[in-house]
């Protein structure tokens, strides 16, 4: 191979090397720019999250000034402190920590949802307060006409705090009686429903109902009492006693349940006894008050 050809090959190799180096330099520069852009976007996203957390914390503080209820104010304070804690965690987190940023985004969505529920609740209470104030003004305008009329109206005119206290009570809905029996010719002794309201062939009465959803009610263990009045007016079973409107009365059965503010199905079994057809009144009692009642006709 002559010298000219060798020189030509060397030149080509050098040009290829220069081209490769140039291509790598351009690719590296583009990658650095892309990383820089991603870091800037991540930092901007983190800053927007911080702003939202701060806005939500400020909103909780504002809402506490709009409601005159210690229980709700306490709930708002807890949520505000939780929001501020999450904000502090976010500020300590680096913008390129994808796992932690994702977690705090999910927490932010939950904070937003909880805040929205409190906004609706407080707006409803404030609307109720406005209605009560209008009613009070109407009642005061009628004071001059009749003192007796004033007393009747005043008894119906609850304060906002009384309304909130009522709203915080538990409520029992869909109250029903189910008569149970042990299925004939079966090796299983499990209770089975034969006819919900038919006494014949039954071995025991079950009372079931639903504790409805109530975000203002206090969560935790609650004792629920069931009182079943027979057609003769007697308390079925009468093996329990409970406080009702300041007095101790006989009850059919009781059950301790954990209430979380969400809807909960409750089933209470009455003591086995001989039953007669007729109208049975079921009362559900909690915290010294009746939270639901229903009269049910039982057949033979």
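Quick notes on this structure:
- Scan of the range 41-92 for residues that are crowded, with 17+ Cβ neighbours inside 10 Å and outside any helix (DSSP H, G or I), ordered by number: 67, 69
- Whether a residue is at pLDDT 80 or above, part of a helix (DSSP H, G or I) and surrounded by 11 or more Cβ atoms within 10 Å (Cβ to Cβ) was assessed, and residue 112 passes this test.
- Test for residue 30: is it assigned to a helix (DSSP H, G or I) and at pLDDT 70 or above: no
- Check on residue 252, farther than 27 Å from residue 71 by Cβ and surrounded by fewer than 14 Cβ atoms within 10 Å (Cβ to Cβ): no
- Residue list for the range 276-297, filter: buried (at least 20 other Cβ atoms within 10 Å of the Cβ) and modelled with pLDDT under 90: none
- Residue 149 over 37 Å from the mean Cα position of the chain (by Cα), farther than 30 Å from residue 295 by Cβ and modelled with pLDDT of 60 or more: yes
- Members of the range 234-259 found to be out of contact with any strand residue (DSSP E or B) (no Cβ under 8 Å at 6 or more places or on another chain) and at pLDDT below 90, listed by number: 246
- Meets criteria (loosely packed, with under 14 Cβ neighbours inside 10 Å and outside the structural domain of residue 71 (by TED's automatic domain parsing)) for residue 237: no
- Subset of the range 244-258 that is closer than 15 Å to residue 227 by Cα and in a loop (DSSP other than H, G, I, E, B) - its residue that is nearest to the chain's Cα centre (by Cα): 245
- Scanning the range 166-201 for residues that are modelled with pLDDT under 50 and surrounded by 13 or more Cβ atoms within 10 Å (Cβ to Cβ) gives a single hit, 191.
- Residue pairs meeting the criteria (Cβ under 8 Å; at least 6 apart or on separate chains; first in contact (Cβ under 8 Å) with a residue 60 or more places away in the chain, in the range 121-139; second surrounded by 12 or more Cβ atoms within 10 Å (Cβ to Cβ)): 121/72; 121/215; 121/216; 126/66; 126/67
- The set of residues from the range 259-276 being assigned to a loop (DSSP other than H, G, I, E, B) and within 34 Å of the chain's Cα centre (by Cα) comprises 260, 261, 262, 263, 270, 271.
The values are calculated or read from the model by the stated rules, or taken from the named source; none is laboratory data. Remember, predicted model here, so these are calculated numbers, not experimental data. Don't worry about glycine lacking a Cβ; one is built from the backbone with ideal geometry, like all the others, and counts go over all protein chains shown.
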